[in-house]
Amino acid sequence: MRIRVGFDMSFECPRPTPKIFTVNVHSTRVSDLIGRDELRFDPPVPMASYRDGFGNWCTRIVAPTGTLRVSADALVTDSGIPDPYVPGARQLPVPDLPEEALQFLLGSRYCETDRLSNTAWQLFGDGPTGWGRVQAICDYVHRHITFGYENARMTRTALEALNEQVGVCRDFTHLAVAFCRCMNIPARYCTGYLGEIGMPPPYGPMDFAAWFEAYLDGNWYTFDPRNNIPRIGRVLIARGRDAADVAISNSYGPNTLTSFRVWTDEVSEA
């Protein structure tokens, strides 16, 4: 199948403001792009791109005083197959984990493993390991947190999500990631496009989505505690320790997001 993905957002800047955007389709999906997902800036500005320490593609600019509009639009080919389900995937002992996975056992800005460890072991210590343990964590988070855009707060941590029991997809993901790390399962935060392909209406407003990948049996597997079912058409943008590593934009000065729109739609191949 083909999926059209993209976004259109505007910022108001009271003075020239350096910004970094992380909004391009991830390198693991570049071969699926039909054409390129170039960023378009209005007014045009000089830009430079680089790959960060997690392998995400980032673009640097200096936004001029006034209104800056940034957008992208691309076609992506997709298998149409739901997220893999591998219930036999084993949890590896920490001494057997590869070095590159170890950083995803550590606490991070939004995932306070030190403050959640006792709770995690009380909840999941006597249950299954491996895939079953990650799924048990997702089931718990899915039941425990009530989703609602009105509950969004960019500073909410995993512990606060546990206590407040409300949030958006990033909060579901932060709590599940923190619990996995507490249980010695490497987990990395992901952001990208996820539409309603294969799902019944009604459909809510489109936004960038958050999910995570857990390291089991030598592979990274996708888990989504907010939706908690395998989904079709997931298009990765970036991975990191938590949302702080994969922000769609980082600004080095005052500015205001004045408009924001995201789309992820299946399109005919004709």
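The values are calculated or read from the model by the stated rules, or taken from the named source; none is laboratory data. Just so you know, these numbers come straight off a predicted model, no measurement behind them. Please note: Cβ atoms are built from the backbone with ideal geometry, for glycine as well, and neighbour counts cover all protein chains shown.
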Spans of strands (runs of 3 or more DSSP E) in the range 21-100 with at least 1 residues touching a residue at least 60 places away in the same chain (Cβ under 8 Å): 57-63, 66-77
Tally, over the range 177-224, of residues that are among the polar types (S, T, N, Q) and more than 27 Å from ARG261 (Cβ to Cβ): 2
Subset of the range 216-251 [in contact with a Cys (Cβ under 9 Å, 6 or more places away or on another chain) and within 14 Å of VAL134 (Cα to Cα)]: THR222, PHE223, ASP224, PRO225, ARG226, ASN228
Tally, over the range 174-214, of residues that are β-branched (Val, Ile, Thr) and part of a loop (DSSP other than H, G, I, E, B): 2
Test for GLY6: is it touching a residue at least 40 places away in the same chain (Cβ under 8 Å), assigned to a strand (DSSP E or B) and either in the same structural domain as ARG181 (by TED's automatic domain parsing) or of a type in the set (Gly, Ala, Ser) (or both): yes
One residue from LEU236, LEU257 being in contact with a His (Cβ under 8 Å, 6 or more places away or on another chain) and more than 15 Å from ILE185 (Cα to Cα): LEU236
Residue check, ASP171 within 25 Å of MET9 (Cα to Cα) and either touching a Leu at 6+ places or on another chain (Cβ under 6 Å) or in a helix (DSSP H, G or I) (or both): yes
Number of the condition not met by PHE124 [criteria: (1) among the aromatic types (Phe, Trp, Tyr); (2) free of Cβ contacts under 8 Å to residues at least 60 places away in the same chain; (3) over 15 Å from MET183 (Cβ atoms); (4) surrounded by 12 or more Cβ atoms within 10 Å (Cβ to Cβ)]: (3)
Pick from the range 51-107, criterion of a type in the set (Ser, Thr, Tyr) and closer than 30 Å to GLU266 by Cα, ranking: surrounded by the most Cβ atoms within 10 Å (Cβ to Cβ): THR59
Exclusive hit being farther than 30 Å from ASP96 by Cα, buried (at least 18 other Cβ atoms within 10 Å of the Cβ) and not hydroxyl-bearing (Ser, Thr, Tyr), set VAL177, VAL168: VAL168
